[in-house]
Amino acid sequence: MKNILYLIAALFILSACTQRSNDSAKDKEGKPAEITFVEAHGYFFKNNQDSLASSKITTREEFDKYFGAATVMGEKGKPTEIDFGKSFVIACVMPETDVETELKPVSVGEISTRPGEHTGKYGCLFSFKKGEKQSFTIRPVSIIILDREFVDIDFSVFTAGEEVIKRVN
């Protein structure tokens with residue numbers, strides 16, 4: 001079973017990588033096969049929230065309900081600016097853990113098992129890597145910013161790590 005899940009993950013990633021070489025690829029409805037995104041930095045998941053109602057967040061008010069700014073010193077310490085008039089975000093929030101966990105976006109695009117196949121279903125793939133046990137707990141978060149022109153697309157969110165691929169929403 002694990003091998004099948006790894007195969008699905010590999011096919012998803014391979015499909016996304018293959019589609020990059022053909023930016024003009026569209027599905028049946030004219031939607032792009034791959035969607036570019038920007039990774040947002042400098043935000044944390046508020047501890048007064050249990051989970052996200054939806055991975056897709058389209059307003060500042062909704063975003064501020066779940067996330068706070070984690071500003072640190074220096075020019076690169078400012079959180080990434082998000083203009084909800086032009087963009088929306090998709091967030092992946094993992095359960096609280098005392099194990100160091102790196103969560104990164106991999107790709108956003110049409111889900112398919114073969115290059116060039118158009119399914120009309122879209123997904124966001126995040127990878128995670130676990131490290132050493134820590135003396136404190138964290139809530140791993142990864143946020144990506146997408147252009148508002150894609151706001152009407154339904155996205156499934158997946159995580160892939162040492163264990164298995166898991167659908168988040």
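Matching residues to (1) free of Cβ contacts under 8 Å to residues at least 12 places away in the same chain; (2) in contact with a helix residue (DSSP H, G or I) (Cβ under 9 Å, 6 or more places away or on another chain); (3) of a type in the set (Gly, Ala, Ser):
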{"residue": "Glu61", "(1), (2), (3)": "yes, no, no"}
{"residue": "Ala69", "(1), (2), (3)": "no, no, yes"}
{"residue": "Lys78", "(1), (2), (3)": "no, no, no"}
{"residue": "Gly109", "(1), (2), (3)": "no, yes, yes"}
{"residue": "Thr113", "(1), (2), (3)": "no, yes, no"}
{"residue": "His118", "(1), (2), (3)": "no, no, no"}
{"residue": "Arg139", "(1), (2), (3)": "no, no, no"}
{"residue": "Ser142", "(1), (2), (3)": "no, no, yes"}
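Pro115: at pLDDT below 95 and surrounded by 15 or more Cβ atoms within 10 Å (Cβ to Cβ), yes or no?
Values: at pLDDT below 95: yes; surrounded by 15 or more Cβ atoms within 10 Å (Cβ to Cβ): yes.
It is true that Pro115 is at pLDDT below 95 and surrounded by 15 or more Cβ atoms within 10 Å (Cβ to Cβ).
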Scope segment 35-73; condition part of a loop (DSSP other than H, G, I, E, B), among the hydrophobic types (A, V, I, L, M, F, W, C) and touching a strand residue (DSSP E or B) at 6+ places or on another chain (Cβ under 9 Å); matching residues
Ile35, Phe37, Leu52, Ala70
What's the number of the only condition in (1) surrounded by 13 or more Cβ atoms within 10 Å (Cβ to Cβ); (2) modelled with pLDDT of 90 or more; (3) among the polar types (S, T, N, Q); (4) out of contact with any Leu (no Cβ under 6 Å at 6 or more places or on another chain) that Ser107 fails to meet?
(4)
Taking segment 74-104, which residues are surrounded by 18 or more Cβ atoms within 10 Å (Cβ to Cβ) and outside any strand (DSSP E or B)?
Ile82, Met94
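The values are calculated or read from the model by the stated rules, or taken from the named source; none is laboratory data. Just so it is clear, the structure is predicted and the values come from calculations on it, not from any experiment. In this analysis, Cβ positions are derived from the backbone assuming ideal geometry, glycine residues included, and neighbour counts consider all displayed protein chains.
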